[in-house]
Amino acid sequence: QVQLVESGGGLVQPGGSLRLSCAASGSIFRIYAMDWYRQAPGKQRELVATITSGGNTNYVDSVKGRFTISRDNAKNTVYLQMNSLKPEDAAVYYCHVGMTIYYSGKYRRDDYWGQGTQVTVSS
């Protein structure tokens, strides 16, 4: 039906940058808000950044000024540009997308998660 594929994680030194991507594909009728969450070992999953269908953005305080969320509606893709990375940013990052799909002759509104991509910040 629908697939979210993430890419862009990896190992980076403190102060470095990474760009995460999450592409949605399938029988998509409409995409609403797109988010990035992260989960570090032993911690709860945390909402990092949100971008609405209209392009409005919101960030958790700990990443403001360092991370930028953006979306390409033509490609059904959301990005997370992460600059000035800190060791505390290390986590598995997940994209989360609200969308309406068209499947088996019906429209259905649901939320979808990417598979997660590991971000490691270490010297």
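Worth a mention:
- The one condition in (1) open to solvent by less than 70 Å² (accessible area, probe 1.4 Å); (2) within 17 Å of the chain's Cα centre (by Cα) that Ser53 fails to fulfil: (1)
- Filter pass, Gln44 being farther than 24 Å from Gly16 by Cα, open to solvent by 60 Å² or more (accessible area, probe 1.4 Å) and polar (S, T, N, Q): yes
- Only one of the numbered conditions (1) free of Cβ contacts under 8 Å to residues at least 40 places away in the same chain; (2) part of a strand (DSSP E or B); (3) open to solvent by 60 Å² or more (accessible area, probe 1.4 Å) is not met by Phe29, and that is (1).
- Filter result for Leu80 (in a loop (DSSP other than H, G, I, E, B), touching a strand residue (DSSP E or B) at 6+ places or on another chain (Cβ under 6 Å) and either of a type outside the set (S, T, N, Q) or under 16 Å from Leu4 (Cβ atoms) (or both)): no
- Residue in the stretch 99-122 that is outside any strand (DSSP E or B), in contact (Cβ under 8 Å) with a residue 24 or more places away in the chain, farther than 13 Å from Ser21 by Cβ and in contact with a helix residue (DSSP H, G or I) (Cβ under 7 Å, 6 or more places away or on another chain) present: yes
- Within the stretch 79-111, the residues that satisfy the criterion of being small (Gly, Ala, Ser) and open to solvent by 10 Å² or more (accessible area, probe 1.4 Å) are Ser84, Ala90, Ser104, Gly105.
- The residues in the stretch 47-65 that are over 18 Å from Ile31 (Cα atoms) and either of a type in the set (A, V, I, L, M) or free of Cβ contacts under 8 Å to residues at least 24 places away in the same chain (or both) can be counted, and the count is 8.
- Selected residue [of a type in the set (Val, Ile, Thr) and in contact with a Cys (Cβ under 8 Å, 6 or more places away or on another chain)] from Thr52, Thr77: Thr77
- Members of the stretch 32-41 that are aromatic (Phe, Trp, Tyr), free of Cβ contacts under 8 Å to residues at least 60 places away in the same chain and open to solvent by less than 40 Å² (accessible area, probe 1.4 Å): none
- Residues within the stretch 1-26 that are open to solvent by less than 50 Å² (accessible area, probe 1.4 Å), touching a Gly at 6+ places or on another chain (Cβ under 8 Å) and of a type in the set (Val, Ile, Thr), tallied: 1
The values are calculated or read from the model by the stated rules, or taken from the named source; none is laboratory data. None of these values were measured; they are calculated from a predicted model. A quick note on method: Cβ atoms are made from the backbone with ideal geometry, for glycine too, and the neighbour counts reach across all protein chains shown. Ligands, DNA and RNA are excluded from the accessible area calculation, which covers all protein heavy atoms including side chains. Shrake-Rupley method; radii C 1.70, N 1.55, O 1.52, S 1.80 Å.
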